[in-house]
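The values are calculated or read from the model by the stated rules, or taken from the named source; none is laboratory data. All of these numbers come straight from a predicted model, not from anything done at the bench. Cβ coordinates were reconstructed from backbone atoms using ideal geometry, including for glycine residues, and neighbour counts include every protein chain displayed.
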Amino acid sequence: MRPALQSKAMTWVDGSGNVHPYGTILSGEKMKPPRVLLVNPWIHDFVAYDLWAKPLGLLSIGAGLKKLGAQVGLVDCLDRFHPRLHEYLGGRLPKSTAYGDGHYHSEPIRKPEVIKNIPRRYKRYGMPPGLFREMLETESPDVILVTSGMTYWYPGVFEAIRLLKEHFPRVPLVLGGTYPRLCPEHAQKYSGADLVYAGADTGEIARLIYGLCGTALPARTAAVEDPAPAYDLYPKLGYVTLRISSGCPFRCSYCGWYLLEDGFRQVGPDNVYKQIRSFAARGISNFAFYDDALLYNAEGHLVEILKRVVRSGLAVNFHTPNGLNARYINPDLARLLRRAGFVNPRLGLETASAARQRSTGGKVNNEEFLQAVRFLMEAGYKTRDVAANILMGLPGQPLGEVKDSIEFASAAGVQVRLEEYAPVAGTPAFAQSGLHGGCDPLWHNNNAFPLYRPEDSRDYQKLKDLARNLNSAALRMAD
């Protein structure tokens with residue numbers, strides 16, 4: 001299905017109240033390449049951590065637009081490595097780990113009314129608004145593209161849009177990303193964007209931008225399809241995030257990737273290896289894969305990439321924050337992961353309940369998980385290296401099931417990473433959660449959702465303590 005373009009009746013209104021039809025000519029130079037400003041807004045949340053996160057969709061759009069001849073700028077509010085952020089804060093930045101991940105700069109802010117009773121501090125994560133305003137002084141865009149992440153991060157998106165409209169009142173602003181794709185009506189009604197794009201087609205976005213500028217679209221529109229992310233827009237990189245596939249072949253009931261991207265397609269191994277080699281030549285040593293099915297079709301895809309990495313002798317580290325599917329790990333692949341530089345591999349177990357595994361999609365079972373752990377250990381990984389992702393708070397999930405899952409993974413000799421379930425609008429699990437499609441997206445937050453089950457939320461900390469204690473005991477025994 002072709003993605004939908006949602007707008008205010010296909011018009012936009014500038015700061016003076018003038019109504020412009022979509023496609024209106026903004027300048028007399030019809031063939032002049034458009035100047036496009038890409039913006040990755042703040043995160044407003046109770047907690048946020050930079051686990052090698054980059055706005056890959058926005059960067060891919062930027063790369064495609066540059067190929068078409070557009071002038072592209074970027075303001076990433078979450079860029080921890082920007083030299084101006086370091087200067088603005090007088091060098092007082094949270095430290096990174098040896099692998100490049102780390103805490104964002106943050107400032108306490110007022111909680112939205114909807115979640116005011118949650119007893120936790122609410123913060124803005126990313127650069128101070130004063131620095132954001134300063135960075136806008138150097139831009140003069142014809143069109144602004146604002147992306148978005150989690151649906152419940154929309155307050156940070158709204159803050160960025162408000163400041164952008166104050167600074168560029170006559171410039172059309174387009175909002176895209178995960179939030180409008182999952183909650184298009186909410187974004188349409190409240191965001192303040194001139195146009196809300198609820199799709200994921202980079203070619204369609206290019207046509208939209210050139211139409212807004214009244215500029216003829218170059219014939220090489222196909223160049224915007226599947227470009228490498230425009231990391232050259234960053235003045236400094238501490239790591240590189242990669243997605244070497246789109247979509248997901250699985251249909252886990254709690255996950256919404258299949259709602260965001262139709263089908264499943266993998267980027268060619270040659271293309272991926274060249275990206276890794278190019279960044280490694282620039283001194284980048286840490287790469288994070290954000291694929292939900294990284295090991296799917298591994299023999300024809302990832303294995304080819306990693307064999308070239310090993311043959312080339314590249315000294316790099318690979319990270320898998322989304323988790324690996326244990327089903328596809330065999331002895332040869334485990335050894336290759338180790339040789340290629342995969343550190344601290346995470347396995348996506350989610351639950352040790354066989355019934356829950358089947359009802360949520362059957363991605364992996366306990367036997368496959370234990371077998372994968374054994375293969376990884378035989379390849380040279382240790383208890384401190386391997387972790388299992390366990391979900392807590394799934395609709396209808398007893399706390400005893402979570403406890404059993406924690407103990408099962410720990411007994412297998414790996415670390416446990418407990419993750420609180422966050423409802424994703426449009427998924428089967430969302431329909432079972434007690435929420436409804438028209439609720440405020442702030443209730444999608446995994447910190448807010450437990451308030452719907454107060455009898456369970458007070459026991460969540462006990463499960464977190466259990467996981468932490470078992471992890472510590474396993475490390476002591478391993479040492």
Seminar exercise, completed: In region 410-444, residues that are in contact with a strand residue (DSSP E or B) (Cβ under 7 Å, 6 or more places away or on another chain) and in a loop (DSSP other than H, G, I, E, B) total 2
For this session: Take Val157 and decide whether it is modelled with pLDDT of 95 or more and either within 18 Å of the chain's Cα centre (by Cα) or among the basic types (Lys, Arg) (or both).
Result: yes
For this session: All but one of (1) closer than 23 Å to Cys255 by Cα; (2) hydrophobic (A, V, I, L, M, F, W, C); (3) surrounded by fewer than 19 Cβ atoms within 10 Å (Cβ to Cβ) hold for Met377, so report the exception by its number.
Result: (1)
Exercise. Has region 286-307 got at least one residue that is aliphatic (A, V, I, L, M), farther than 27 Å from Arg251 by Cβ and surrounded by fewer than 22 Cβ atoms within 10 Å (Cβ to Cβ)?
Worked result: no
Problem set entry | Arg84 vs. criteria over 20 Å from the mean Cα position of the chain (by Cα), in contact (Cβ under 8 Å) with a residue 40 or more places away in the chain, assigned by TED's automatic domain parsing to the domain that holds Leu136 and assigned to a loop (DSSP other than H, G, I, E, B) | no
Exercise. Can you tell me which residues in region 343-366 are surrounded by fewer than 18 Cβ atoms within 10 Å (Cβ to Cβ) and small (Gly, Ala, Ser)?
Worked result: Ala354, Ala355, Ser359, Gly361, Gly362
Problem set entry | Residue among Pro229, Pro249 that is surrounded by fewer than 20 Cβ atoms within 10 Å (Cβ to Cβ) and either at pLDDT below 90 or out of contact with any Cys (no Cβ under 9 Å at 6 or more places or on another chain) (or both) | Pro249
Exercise. What residue, of Ala429, Ala412, Ala467, is surrounded by 15 or more Cβ atoms within 10 Å (Cβ to Cβ) and under 23 Å from the mean Cα position of the chain (by Cα)?
Worked result: Ala429
Exercise. If we scan region 393-400, do we find a residue that is assigned to a loop (DSSP other than H, G, I, E, B) and without any contact (Cβ under 8 Å) to a residue 12 or more places away in the chain?
Worked result: yes
For this session: Say whether the condition of being at pLDDT below 95 and buried (at least 16 other Cβ atoms within 10 Å of the Cβ) is met by at least one residue in region 15-24.
Result: yes
